[in-house]
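Trainee: Take a look at the following structure, please.
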Amino acid sequence: MAELLPRLRLDLARPLAGMGERRYLEIGFGGGEHLAHLAELHPDVSFLGAEPFVNGVAKLLALVEARKLANVRIHDGDGRDLLEALPAAAFERIYLLYPDPWPKARHNRRRFVNAETLAQIHRVLEPRGQFLFASDIPDYVAWTRAHVATHGGFCEEGEPALPFADWIETRYEAKARREGRKSTYLRLRRTT
């Protein structure tokens, strides 16, 4: 498996080299179960995942190897760095699933969704592309909606109580359910 990462690692100097025309990005893929599930269902789509934690990268690599997925690339680092390096209008979908909520008010500035990252997500999405955000923390959902409203380049679509198409429950969602928290699934379409 050690030889697999260099082959799948994204080269930020040429970030879309080797990827097809249809591309999905998952930021903070955790154990990679959602990304691997989608990559298996959609072999015609190129998937890029960003995850800074080595254990998550190792878990995704194991899934890629076991399922023989040829349509996955990995950025083993912070999603913010990746967004800055990606070209404009490059992705059809961007997923951010159960990001760290940083629940203390003094730590909110560490949340992934903020004015800067939302501007980068908007830039990297294709026209009419979707930013798909899921969380079990009502405050983070409200925070995201407020930032989206301030940005102005997205519209919310669909039923937020229903999971996204082709959904597979992630370990973070399972934990939330065990602890009695409901998840919200925001479908944010790029409008401008």
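The values are calculated or read from the model by the stated rules, or taken from the named source; none is laboratory data. All of these numbers come straight from a predicted model, not from anything done at the bench. Here Cβ is always computed from backbone atoms with ideal geometry, including for glycine, and neighbour counts include all displayed protein chains. SASA here: full protein model, heavy atoms, side chains in, ligands and nucleic acids out. Shrake-Rupley method; radii C 1.70, N 1.55, O 1.52, S 1.80 Å.
Trainee: Return the only residue of ARG171, ARG110, ARG178 being open to solvent by 20 Å² or more (accessible area, probe 1.4 Å), out of contact with any Ser or Thr (no Cβ under 9 Å at 6 or more places or on another chain) and either at pLDDT 95 or above or aliphatic (A, V, I, L, M) (or both). Before the answer, list the steps.
Mentor: On the way: ARG171 fails: either at pLDDT 95 or above or aliphatic (A, V, I, L, M) (or both); ARG110 fails: either at pLDDT 95 or above or aliphatic (A, V, I, L, M) (or both).
On inspection, the qualifying residue turns out to be ARG178.
Trainee: If you don't mind, there's one more thing I want to ask. So LEU63 fits all but one of (1) in contact with an Asp or Glu (Cβ under 8 Å, 6 or more places away or on another chain); (2) touching a residue at least 60 places away in the same chain (Cβ under 8 Å); (3) farther than 17 Å from ALA88 by Cα; (4) not in a loop (DSSP other than H, G, I, E, B); what number is the exception?
Mentor: Only one criterion is unmet by LEU63, namely (2).
Trainee: Could you please find all residues in the range 66-81 being under 16 Å from ASN55 (Cα atoms) and part of a strand (DSSP E or B)?
Mentor: ILE74, HIS75
Trainee: Follow-up. Answer yes or no as to whether ASP139 is open to solvent by 20 Å² or more (accessible area, probe 1.4 Å), under 19 Å from HIS34 (Cα atoms), in contact (Cβ under 8 Å) with a residue 24 or more places away in the chain and not β-branched (Val, Ile, Thr). Break it down stepwise before answering.
Mentor: Details: open to solvent by 20 Å² or more (accessible area, probe 1.4 Å): yes; under 19 Å from HIS34 (Cα atoms): no; in contact (Cβ under 8 Å) with a residue 24 or more places away in the chain: yes; not β-branched (Val, Ile, Thr): yes.
Taking the combined requirement at face value, the residue does not satisfy it.
Trainee: Next up: From the residues in the range 4-32 that are part of a helix (DSSP H, G or I) and free of Cβ contacts under 8 Å to residues at least 60 places away in the same chain, which one is nearest to LYS68 (Cα to Cα)? Break it down into steps so the answer makes sense when it comes.
Mentor: Start the filter on the range 4-32 by keeping residues that are part of a helix (DSSP H, G or I), which leaves 4-8.
The next check asks that each one be free of Cβ contacts under 8 Å to residues at least 60 places away in the same chain; those that pass are 6-7.
Values: PRO6: 16, ARG7: 13 Å.
Only one residue fits best here, namely ARG7.
Trainee: A further question follows. Among the residues of the range 144-168, how many are touching a helix residue (DSSP H, G or I) at 6+ places or on another chain (Cβ under 9 Å) and open to solvent by 60 Å² or more (accessible area, probe 1.4 Å)?
Mentor: Total meeting the criteria: 4.
Trainee: Moving to a separate point now. Just to be sure before I move on: is ALA39 farther than 19 Å from GLU126 by Cα, in a helix (DSSP H, G or I) and open to solvent by 10 Å² or more (accessible area, probe 1.4 Å) in the structure I sent? Before you say what the answer is, go through the steps one by one.
Mentor: Values: farther than 19 Å from GLU126 by Cα: yes; in a helix (DSSP H, G or I): yes; open to solvent by 10 Å² or more (accessible area, probe 1.4 Å): no.
The answer is no for ALA39.
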